[in-house]
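Chemist: Please find one structure pasted underneath; my questions will follow.
The values are calculated or read from the model by the stated rules, or taken from the named source; none is laboratory data. As the structure is a computational prediction, the values presented were derived from the model and not from experiment. Note: ideal-geometry Cβ built from the backbone for every residue, glycine included; neighbour counts use all protein chains shown. Surface accessibility is based on the protein's heavy atoms, side chains included, excluding ligands, DNA and RNA. Shrake-Rupley method; radii C 1.70, N 1.55, O 1.52, S 1.80 Å.
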Amino acid sequence: MGAQAKQKISIKAVLLSLAVLLANIVVNGLIFRFFRDSTLNPLVTAVLAVLWGVLGVYLIYYTLTWAVERYPEYIRTRVLPYVFIGPAVILLGWLLIMPALRTLYLSFFDASSEKFVGLSNYAAIFSDHLMATALRNNLLWVFLGTLACVTFGLLIAILADRSSYEKIAKSIIFMPMAISFVAAGVIWKFIYYYQPGDEQIGLLNAIVTYFGGEPQAWTSMLQPWNNLFLIVILIWMQTGFAMVIFSAAIKGVPEDIMEAARVDGASEIKIFFGIMIPYISTTILTVTTTIIVFTLKIFDVVMVMTGGQYDTEVVATQFYRQFFMYRNFGYGSTLAIVLLIAVLPVILINLRQFRKQGGF
């Protein structure tokens, strides 16, 4: 009798949980359709949407938790964690995985997304002169930008930790991180600004002409070296990020080991390469891969500074141009997939490092 009662309770709990899940899907689906087709004032719609977002999430978690609590203890303890992460995983799948699959699907079609062309778009990418330039520039950003950010960040972290002005120095160097890439592009556009004639309002050209030099169109005329002047902006912004992470890692290096090395006659350079670098090697890898992802996806700076002209095109600007300006959905989707494929290995390396460090 006890086993039968337990079986009846389990069936009832299963049916109840399915009913709660279905009710959540139906109710939230209807509310979504209402907002999608609504003709209300945009401000009213925005306020109602925010309220729906807050209250809807609360009700989803509350009702699902209530349904799970109908189960026996041994089932409840196993299922409850998935109730809390389930909606987030579903939302991420809807917002990230589904668009990625849709983009992959579109990459096998022509510009109008009507005719299936197979791998023609992928073949076109590697035979297009503009794409060759974009890939070359992306490699410049990845190699030079990442190398400079990591190197300068590490050096500044080492030097700042030994300075009495550590907090001030780190605050100044980290400050560009508070600025968006678009704002940074506007600032540096004025620094590099060039106009014909003797009067220059651009800071760099003003300094050059003050010392008797000739003003230069730094971001347009000096091809392909103009890419280096754009990479400087990335270095200016991301060095502070690298410095803060490295500084925290360096403070975790055991002081007694370094003191023992000094007593044994080791120089500071040997201590740096023989003790500090091995201790913070995982941090160096994490910072490096993070900045590589930034450089692979670089878009804002190039778009603000040059619009992708003067041989400064990168893959992201090419994607924007093809997909949104030329309406070539097939080719644009292919560029997005190529960029995703380039970023994925770096992200996987980062995730592996987090796992080794016990991040998850």
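Chemist: Report, in deg cm²/dmol and to the nearest 500, the calculated mean residue ellipticity at 222 nm for the chain, where each DSSP H run with n ≥ 4 adds -39500 (n - 2.57) and the sum is divided by the residue count. Can you show the working numbers first?
Modeler: Details: 17 runs with 247 residues, N = 360.
So the calculated ellipticity at 222 nm is -22500 deg cm²/dmol.
Chemist: Using DSSP to call loops (not H, G, I, E or B), can you name the trypsin sites (Lys or Arg not before Pro) in the stretch 121-173 whose Cβ has at most 16 other Cβ atoms within 10 angstrom? List each step's numbers first, then the result.
Modeler: Numbers: sites: ARG136, ARG162, LYS167, LYS170; in loops: ARG162.
Passing sites in the stretch 121-173 are ARG162.
Chemist: Another question, then. Please give the net charge around VAL68, taking every other residue with its beta carbon less than 12 angstrom from that of VAL68, where Lys and Arg add +1 and Asp and Glu add -1. All intermediate terms of the calculation are to be shown ahead of the outcome.
Modeler: Working: positive: ARG70, ARG76, ARG78; negative: GLU69, GLU73.
So the surrounding residues net to +1.
Chemist: Can you put TYR62, TYR194 in order of accessible area, largest first, using a 1.4 Å probe? Let's see the in-between values first.
Modeler: On the way: TYR62 130, TYR194 90 Å².
In descending accessible area the options line up as TYR62, TYR194.
Chemist: Note down the net charge around LEU140, summing +1 for each Lys or Arg and -1 for each Asp or Glu among other residues with Cβ under 13 Å from its Cβ.
Modeler: On the way: positive: ARG136; negative: ASP311, GLU313.
The answer is -1.
Chemist: Would you please give the residues with an amide H less than 5 Å from that of PHE109, counting only those at least 5 places away or on a separate chain, with H modeled from the backbone geometry?
Modeler: Close amide H contacts, sequence-distant or interchain: VAL117.
Chemist: Taking Cα pairs under 8 Å and at least six residues apart, what relative contact order does the stretch 11-107 come out at, in percent?
Modeler: Values: 26 pairs, mean separation 31.9, N = 97.
Here the relative contact order equals 33 percent.
Chemist: Compute a Gaussian network model of the chain, connecting alpha carbons closer than 10 Å, and tell me which residue from GLY86, GLY185, GLY240 fluctuates the most.
Modeler: Evaluated over the chain, the most mobile residue of the options is GLY86.
Chemist: Report, in order of residue number, the helices in the chain meeting two criteria: a C-alpha extent of 20 Å or more along the helix axis, and a mean Kyte-Doolittle hydropathy of at least 1.6; treat each whole DSSP H run as one helix. Kindly include the intermediate steps, with their values, before the conclusion.
Modeler: Details: long enough: 2-36 (50 Å, 1.08); 42-68 (38 Å, 1.77); 73-92 (29 Å, 1.14); 146-161 (22 Å, 2.11); 226-250 (35 Å, 1.86); 281-296 (22 Å, 1.66); 329-356 (40 Å, 1.34).
Result, helices passing both filters: 42-68, 146-161, 226-250, 281-296.
Chemist: A follow-up question, please. Note the full-extension length gain between MET98 and THR282 as 0.36 nm times their separation in residues minus their Cα-Cα distance, in nm to one decimal.
Modeler: Details: separation 184, 0.36 × 184 = 66.24 nm, distance 3.27 nm.
Value of the extension gain: 63.0 nm.
Chemist: Quick one: compute the contact order of the stretch 122-357, relative version, from alpha carbon pairs under 8 angstrom and 6+ residues apart, as a percent. Kindly include the intermediate steps, with their values, before the conclusion.
Modeler: Details: 267 pairs, mean separation 66.2, N = 236.
About 28 percent, as a whole number.
Chemist: Over all alpha-carbon pairs in the stretch 11-107, figure out the percentage whose distance exceeds 22 Å. Kindly include the intermediate steps, with their values, before the conclusion.
Modeler: Working: 2094 of 4656 pairs.
I get 45 percent for the Cα pairs in the stretch 11-107 exceeding 22 Å.
Chemist: What base-10 log of the normalised intensity I(q)/I(0) is obtained for the stretch 175-214 from the Debye formula, alpha carbons as equal point scatterers, at q = 0.17, 0.33 Å⁻¹?
Modeler: -0.50, -1.04
Chemist: Moving to a separate point now. Over the chain, how many percent of alpha carbon pairs lie in each 20 Å bin up to the one with the longest distance?
Modeler: Spelled out per bin, shortest first, that is 20, 41, 32, 7, 1, 0.
Chemist: Another one. Which FRET efficiency value, to the nearest 0.05, is calculated for LYS12 and VAL57 with the Förster distance at 41 angstrom and r the Cβ-Cβ distance? Before the final figure, lay out each step's value.
Modeler: Details: r = 27 Å, r/R0 = 0.66.
It comes out at approximately 0.95.
Chemist: On the protein heavy atoms, probe 1.4 angstrom, tell me the percent of accessible surface of the stretch 11-107 carried by carbon and sulfur.
Modeler: On the way: 5680 of 7220 Å².
Summing carbon and sulfur atoms, their accessible area is 79 percent of the total for the stretch 11-107.
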